[in-house]
Amino acid sequence: MHTKRVLTLAAVGLLMLAAQARGEPASVVVEAFLGEAAVLMIDGQRKMLEVGQSFAGVTLIATGAATATLDIDGRMKTVGLSQHVTTAYQKIEERVVTIPRDAKLQYRTNAIINGRGALVLVDTGANVIAINASQARALGINYSDDGIPSQVETASGVVAAHAVTLQSVNVGGLQVDNVPAVVVEGDYPATVLLGMSYLRHVKLQEQNGTLSLSKSQ
């Protein structure tokens, strides 16, 4: 009596690679599963690999109900139904914004806060972004309803404030989402303080009177 092995076809993924040697894409298609084995179409060649076996730089690491985990030239990829993944190297671009020092030896620039423009002063001594009440209203921040009552210490003493979370802060294309801030009752600060709740997400470099902010995109 012979045991019949049933092959269940499952087109569960397409993985696109960059074949650097030829300068054109190579493909890996998972065509079927057979227990702990899978039938792969690798560069047009159909191969059945068991877990741990390799062919043409592709190693089958594991199989699941609808996925195959592959090691392709040292990169681990889990391929699912109709999933397209590229393993080609992509250079990480870094965006840089430069801010010249002004006559007061300060770094001021324009920012977009919650989609609205505002002048900001870079302040690494501030833990969070600080905004006065009138600025907050101009930016559409409903701090009295959405904020958490708190207090801050200013040169004039301790004043009432509200802790809020800004939807987004964008300086020259360097955007950070969900940024903690504080809205201070009264006219302090005169200019929005761009504090560390934003600045910790970017790289700072000061040279010859110019401050550079950079962030990988």
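Where a number appears in this text, it was derived from the coordinates with a stated rule and is not lab data. The structure displayed is predicted, hence computed values, not measured ones. When we count neighbours, we look across all protein chains shown, and the Cβ atoms used for this are built from the backbone with ideal geometry, even at glycine.
Using label points projected 7 Å from each Cα along Cα→Cβ, tell me how many nm separate Val96 and Gln167, to one decimal.
Here the answer is 3.3 nm between the modelled labels.
Residues with beta-carbon under 14 Å from that of Ala163, excluding Ala163: net charge, scoring Lys, Arg +1 and Asp, Glu -1? Working shown, then result.
Numbers: positive: none; negative: Asp145, Asp146, Glu185.
Here the charged neighbours net out to -3.
Quick one: go through the range 188-217 and flag any residue whose amide nitrogen is under 14 Å from the point 7 Å out along the Cα-to-Cβ line of Ala155.
So the set is 188-191.
How do 128-138, 53-63 rank on mean C-beta neighbours within 10 Å, highest first?
Working: 128-138: 20.1, 53-63: 15.9.
Packing proxy ranking, top to bottom: 128-138, 53-63.
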